[in-house]
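*Asks:* Take this structure first; my questions come after.
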Amino acid sequence: MKKGIVILPILAIASASASADLISAKILMGEVLENLGNQPVYTLHKTGTEDYNGTITNLESVLVVRDTDPNPTVYNYLIEYRSFRNGTMINRAAVDGNRVWFYDVATNTYSSYSYHNIAPASKPAVIFRNLNKLIGGEDQLLTQIGQQAFEASLNGRNTAASKWLPWTPVYSTFNDVAGSIQVESLLPNYRFIDYQTAFNSGQNDFVRIIGRTEMNRPGRYIINDWNIEILPTEFVGSVYNFVPPANARSIASSIAQGG
C-alpha cells in the first residue's frame with residue numbers, strides 16, 4: 001500500500017511534465033511554421049545514410065517551395081522535389097503552376113495531375129495533398145512540413161499550434177528544452193526526432209530536424225540516420241517545370257484530374 005502511495009504521484013508528475021512540454025512545443029512550432037510559410041522561397045535539404053544489413057547507402061532529398069505571389073494569403077506555388085541514392089537521382093516531382101508531375105528514373109515513367117481549373121484558394125492544399133501521395137517513405141516529412149507551413153501562413157500560428165503533432169504522434173518520451181523538441185518512440189520500431197529552432201532578429205525560426213529510425217527483424221535490419229536543413233533560400237539549380245526525357249512513358253495517375 002505504501003508503495004502505491006509513492007508511485008502514483010511520480011507518474012502524475014511525469015505525465016504533467018510531458019503534457020506541459022507538448023503545449024509549449026505546439027506554441028513554438030506554430031510560430032516557426034508561420035514564419036517559414038511567410039518566406040517567398042525556402043529549401044528543405046535532407047541528407048543521411050541507410051544501413052541495410054551492413055550495406056551503407058548515402059541518401060539525399062531536396063524540396064524547394066517558391067511562392068510567386070507577393071500578396072499575403074494568396075499563394076501561387078512552384079515546387080521541385082528530387083531524391084538521390086549514392087548520388088544518382090531516383091525520383092523527381094515538379095509543380096509548374098498548372099500541373100503536378102512525378103518522374104521515376106528506374107522505369108523512365110512519369111505521371112501528372114492537372115490543377116489548372118481548381119479554385120485558386122484550394123490549389124495549395126491540393127498540391128501538397130498530391131505530393132504526399134506521390135512521395136513515399138520518410139520523405140513525406142518534407143511535404144508535411146510544406147503543407148503545415150502553408151496552413152500556418154494562411155490561418156495563423158495559433159491555428160497551426162493547435163493542430164501540430166510530431167512526425168511520431170505515438171511516443172514514449174517527449175521533451176521541449178531551449179529550442180530542441182525531442183521525440184522518441186519505441187513501437188513498432190525505434191524512432192527519434194529532434195526539431196531544432198533558433199531565435200533570430202526578434203523571431204523564432206525553424207532551422208533543422210535530426211532523425212533516426214531503426215527496424216530490426218529476423219535476418220534484416222535497417223537503420224536510417226538523417227538531417228533536414230531548413231534554409232530561407234532557393235536550392236542551387238532548382239527547376240520547376242518538367243520535360244519528359246527521351247523515350248519516357250506516361251502512365252495513368254491514380255489521382256483524379258482537376259481540369
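Per-residue answers, yes or no, for (1) among the aromatic types (Phe, Trp, Tyr); (2) modelled with pLDDT of 95 or more:
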position	(1), (2)
Thr68	no, yes
Thr73	no, no
Tyr77	yes, yes
Arg82	no, yes
Thr88	no, yes
Ala93	no, yes
Tyr113	yes, no
Asn117	no, no
Pro120	no, no
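*Asks:* Still on this structure, I have one more. State which residue is nearest to Gly156 (Cα to Cα) when the search covers only the range 43-97 and only residues that are out of contact with any Leu (no Cβ under 9 Å at 6 or more places or on another chain) and acidic (Asp, Glu).
*Replies:* Here the answer is Asp69.
*Asks:* OK, next. For Ala198, only one of the following conditions fails: (1) surrounded by 14 or more Cβ atoms within 10 Å (Cβ to Cβ); (2) modelled with pLDDT of 95 or more; (3) over 15 Å from the mean Cα position of the chain (by Cα); (4) in a strand (DSSP E or B). What is its number?
*Replies:* Among (1) surrounded by 14 or more Cβ atoms within 10 Å (Cβ to Cβ); (2) modelled with pLDDT of 95 or more; (3) over 15 Å from the mean Cα position of the chain (by Cα); (4) in a strand (DSSP E or B), the lone unmet condition for Ala198 is (1).
*Asks:* While we're here: Looking only at residues in the range 218-259 that are among the hydroxyl-bearing types (Ser, Thr, Tyr) and within 21 Å of Ala106 (Cβ to Cβ), which one is modelled with the lowest pLDDT?
*Replies:* Pass one, the range 218-259, residues among the hydroxyl-bearing types (Ser, Thr, Tyr): 221, 233, 238, 240, 250, 253-254.
Subset that is within 21 Å of Ala106 (Cβ to Cβ): 250, 253-254.
Working: Ser250: 95, Ser253: 62, Ser254: 52.
Looking at residues that are among the hydroxyl-bearing types (Ser, Thr, Tyr) and within 21 Å of Ala106 (Cβ to Cβ), I get Ser254.
*Asks:* Another question, if that's okay. Name every residue in the range 86-104 that is under 22 Å from the mean Cα position of the chain (by Cα) and not in a strand (DSSP E or B), in order of residue number. Even if it seems obvious, please write down each step before you answer.
*Replies:* The initial filter retains those residues of the range 86-104 that are under 22 Å from the mean Cα position of the chain (by Cα), namely 86-97, 99-104.
Within the range 86-104, Asn86, Gly87, Asp96, Gly97 qualify.
*Asks:* So for the range 227-240 (the condition being touching a residue at least 60 places away in the same chain (Cβ under 8 Å), of a type outside the set (Ser, Thr, Tyr), in a strand (DSSP E or B) and in contact with a His (Cβ under 6 Å, 6 or more places away or on another chain)), does at least one residue qualify? Can you show your working first?
*Replies:* Within the range 227-240, the first condition is being touching a residue at least 60 places away in the same chain (Cβ under 8 Å), and the residues that meet it are 227-235, 238-240.
Now narrow it down to the ones that are of a type outside the set (Ser, Thr, Tyr): 227-232, 234-235, 239.
Filter once more, keeping what is in a strand (DSSP E or B): 227-231.
With in contact with a His (Cβ under 6 Å, 6 or more places away or on another chain) added as a condition, the list becomes 229.
Yes: one or more hits.
*Asks:* Mind checking whether some residue in the range 166-173 is in contact with a helix residue (DSSP H, G or I) (Cβ under 7 Å, 6 or more places away or on another chain) and not in a loop (DSSP other than H, G, I, E, B)? Reasoning before the result, please.
*Replies:* From the range 166-173, those in contact with a helix residue (DSSP H, G or I) (Cβ under 7 Å, 6 or more places away or on another chain) are 167; that's our starting set.
Now narrow it down to the ones that are not in a loop (DSSP other than H, G, I, E, B): none.
No, the conditions are met nowhere in the range 166-173.
*Asks:* Of everything in the range 201-217 that's among the basic types (Lys, Arg) and at pLDDT 90 or above, which residue is farthest from Thr168 (Cα to Cα)? Working first, answer last.
*Replies:* Of the range 201-217, the ones among the basic types (Lys, Arg) are 208, 212, 217.
Then drop every residue that is not at pLDDT 90 or above, which leaves 208, 212.
On the way: Arg208: 16, Arg212: 12 Å.
Per the criteria, the residue is Arg208.
The values are calculated or read from the model by the stated rules, or taken from the named source; none is laboratory data. Here the structure is a predicted model, which means the values were calculated and not measured. Note: ideal-geometry Cβ built from the backbone for every residue, glycine included; neighbour counts use all protein chains shown.
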